[in-house]
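The values are calculated or read from the model by the stated rules, or taken from the named source; none is laboratory data. The structure presented is a predicted model; accordingly, all values stated were derived computationally and were not measured. In this analysis, Cβ positions are derived from the backbone assuming ideal geometry, glycine residues included, and neighbour counts consider all displayed protein chains. Keep in mind that these areas ignore ligands, DNA and RNA; they rest on the heavy atoms of the full protein, side chains included. Shrake-Rupley method; radii C 1.70, N 1.55, O 1.52, S 1.80 Å.
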Amino acid sequence: MPFLHFGGDFIVWIVLIVLVVIAFLVSRILKIPKFGNMVLITGGVKTGKSTMTVWLAVRQYWRQLRKYYICNYFIYPVFHWIPLGPFRRMKKREKPLFYSNIPIAVKNFVPLTRSLIQRTERFRYGSVIYVCESSLVADSQAIKDPLINEEMLLLNKLIAHETKGGYIFYDTQSIMDNHYAVKRCLSSYFYIHHSLKIPFFMLSWVRELKFSEDNSAVNTFEDDVEETLRLVIIPKKVWKLFDCYCYSVLTDHLPVVDRTVPVFRFGDKKACKIVTFRNYQSIPKEFLDDGKKQNES
């Protein structure tokens, strides 16, 4: 029968069609982040901001290293001796480094310092800078200090110039808590809506947003925001490069409060104390508690 005679070819065509359909569907939901020399990742607490930012920053750093090795060990030895045109000015490149305000387990890691941010020392050319929780460095309230304003503006506005093609990566919970110099130099940023951990990978659903100079996101959501998300697949091996709870060192040494208080299902569930730093005038003092009395009891 003809069908049986061409059965093998028929199966091959079916498989090819299925693969094309799968590739098309994946391309519709998959996001391969493309970015310039300044990158910002935002999202809620523990949505994978640091994971995605470290992943992008380290990947870009390997690219910067490849450019360095190709230039210094292949292009320069062959062409630098030619006394014509641009070859007469050819020089070896500086080896790029990876700067960060938290420890990152890459070979050429350099701690980020205030002197680098204040530009009294410079970054190596072609380097990659990662700033975890960028609002901790300078937040939206720092605009009261004109010197910080100037330093942050020059850092972000000229980072690609002064590093001769380097990159800077930020992550933070909200774009609005950043110093205005960070927001002013951004044209777009990535927002992580949620993430899912599976074996060997973390799946993050992200959306690329635009930011205007009047300090507002110009994107509007007429439909369900989840309908506009794209999938980014991040290998879990990035977790070997950093500690996603690195700032716990600030409170690890403190005594643990673990005095449990029973709340009965059918009992009184009134909130009899307000834990606050405010000095309310219309609320009786016995309803206010700053935590000191509770710790002393």
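Of the listed requirements (1) touching a residue at least 12 places away in the same chain (Cβ under 8 Å); (2) open to solvent by 50 Å² or more (accessible area, probe 1.4 Å); (3) of a type in the set (A, V, I, L, M, F, W, C), C246 misses just one: (2).
Restricting the search to strands (runs of 3 or more DSSP E) fully inside segment 53-150 and requiring at least 3 residues that are surrounded by 14 or more Cβ atoms within 10 Å (Cβ to Cβ) and of a type outside the set (F, W, Y) gives 128-131. As a summary of the residue check, L196 satisfies the conditions (1) touching a helix residue (DSSP H, G or I) at 6+ places or on another chain (Cβ under 9 Å); (2) more than 30 Å from K92 (Cα to Cα); (3) among the aliphatic types (A, V, I, L, M); (4) modelled with pLDDT of 90 or more except for the one numbered (1). Within segment 169-183, the set of residues being among the charged types (D, E, K, R) and in a helix (DSSP H, G or I) comprises D177, K183. Within segment 102-131, being small (G, A, S) and within 16 Å of R63 (Cβ to Cβ) holds for G126, S127. Per the listing K157, K107, K144, K183, the residue uniquely among the charged types (D, E, K, R) and within 24 Å of T47 (Cβ to Cβ) is K183. Note on segment 167-187: residues that are without any contact (Cβ under 8 Å) to a residue 60 or more places away in the chain and open to solvent by less than 50 Å² (accessible area, probe 1.4 Å) amount to 4. The listed residues are K197, K164, and the only one of them that is assigned to a strand (DSSP E or B) and open to solvent by 80 Å² or more (accessible area, probe 1.4 Å) turns out to be K197.
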